[in-house]
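Data first, discussion second: the structure below is written as structure tokens.
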Amino acid sequence: MSDLRQAFAEAFRLIIGADPGFITIISASLQFSLSSTLIASMLGIPAGMAVANARFRFKRLVEDALNTMLAVPTVVVGLFVYTLIYSQGPLGRFRILFTPAAIILGQTLLILPLIASLACSAISSVNPIIRQTALTLGADRFRAGWTVASEAKAALLVVCLTGFGRVIGEIGISLMLGGNILGYTRTITTAISLQTSRGEFALGLALGMVLLCIAFAVNIVARRVGTRT
């Protein structure tokens with residue numbers, strides 16, 4: 001029990017004292033997660049809007065495929081990206097394995113189907129009369145799509161927050177593609193895993209507290225935004 005109390009005391013000391021190594025890990029996690037969320041949102045939201053507004057024969061199949069990809073484990077995504085970017089892979093010449101770029105690429109692919117699927121649902125929930133009215137008033141398809149997206153902007157923001165919440169807590173991709181390199185690719189989750197395996201709980205507890213606070217903040221913001229839709 002005394003060891004546990006000591007670990008908690010040291011964890012609070014790291015948080016309150018803003019230990020440089022502690023801050024570096026948190027900054028890396030936020031940088032990777034925000035970057036991947038931004039890229040995935042820029043690709044996934046237009047894709048989801050396109051699927052929602054389109055009328056084609058296999059639309060239901062595409063939606064089912066997106067929903068199915070939501071259940072793919074992070075390690076499977078990590079393995080897929082690893083085979084692409086390792087030294088003998090098709091993208092190996094770019095030498096991005098065990099770099100921040102590799103983590104961002106993997107995390108982007110992880111949440112891209114999630115964001116596309118949720119964006120499709122958000123756009124589909126908008127009253128179709130809005131799009132029809134915009135087209136009737138002379139708007140082209142792009143302008144009409146933008147009008148619909150404006151109506152669903154709160155829901156789309158929740159989509160982005162959901163994607164961020166998904167990647168900030170993942171470990172498989174960060175560990176497999178980043179290599180857990182201190183001061184370079186070490187994230188909150190990989191650091192927690194490493195410290196726990198070493199039996200050193202103080203830093204892991206401190207990072208776990210921060211991760212819980214981030215997840216709590218994301219959920220609060222998403223709920224408050226969601227209530228405005």
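Taken together, the values in this text are just the output of simple stated rules run on the coordinates, not laboratory data. Here the structure is a predicted model, which means the values were calculated and not measured. Positions of Cβ are generated from backbone atoms using ideal geometry, with glycine treated the same way; all protein chains shown enter the neighbour counts.
Which ordering of Cys160, Cys213 is given by a fewest-first count of other beta-carbon atoms within 10 Å? Could you put the intermediate results ahead of the total?
Numbers: Cys160 21, Cys213 11.
Going from sparsest to densest Cβ surroundings: Cys213, Cys160.
Which of Ile25, Ile16, Ile188 ends up with the largest GNM mean-square fluctuation for the chain, with Cα atoms connected below 10 Å?
Of Ile25, Ile16, Ile188, the most mobile in the Gaussian network model is Ile16.
Could you list Ser117, Ser36 in order of exposure, starting from the residue whose Cβ has the fewest other Cβ atoms within 10 Å? Don't skip to the answer; put the middle values down first.
Numbers: Ser117 24, Ser36 27.
The fewest-first ordering by Cβ neighbours comes to Ser117, Ser36.
Zone of Asn67 (label point 7 Å along Cα→Cβ, backbone N under 20 Å): which residues in segment 84-116?
Flagged as within label range: 111-116.
Looking only at chymotrypsin sites (Phe, Trp or Tyr not before Pro) in DSSP loops with at most 12 other Cβ atoms within 10 Å, what is the longest site-free stretch of the chain? List each step's numbers first, then the result.
Working: sites that count: Phe56, Phe58.
Result for the longest clean stretch: 59-229.
Please compute the modelled spin-label separation between Met42 and Leu194, points set 7 Å along Cα→Cβ, answer in nm with one decimal.
Those two pseudo-labels are separated by 2.9 nm.
Which one, Ala116, Ala52, Ala71, has the greatest fluctuation when you compute a Gaussian network model over the chain with C-alpha springs under 10 angstrom?
Ala71
Which residue fluctuates the most in the chain, going by a Gaussian network model with Cα springs under 10 Å, if the choices are Val159, Val77, Val62?
Comparing Val159, Val77, Val62 in a Gaussian network model of the chain, the most mobile one is Val62.
Determine the gain in length on full extension of the stretch Lys59-Gln88; use 0.36 nm per residue of separation and subtract their C-alpha separation, reporting nm with one decimal. Could you put the intermediate results ahead of the total?
Details: separation 29, 0.36 × 29 = 10.44 nm, distance 3.68 nm.
Extending this stretch completely gives an extra 6.8 nm.
Can you list which of the trypsin sites (Lys or Arg not before Pro) found in segment 33-106 are DSSP loop residues with at most 10 other C-beta atoms within 10 Å?
Sparse-neighbourhood loop trypsin sites (Lys or Arg not before Pro): Arg55, Arg57.
Within segment 174-204, find all residues whose amide N lies under 20 Å from a label point positioned 7 Å from the Cα of Asp3 along Cα-to-beta-carbon.
Within reach of a label on Asp3, which here means backbone N under 20 Å from a point 7 Å along Cα→Cβ, segment 174-204 contributes 192-204.
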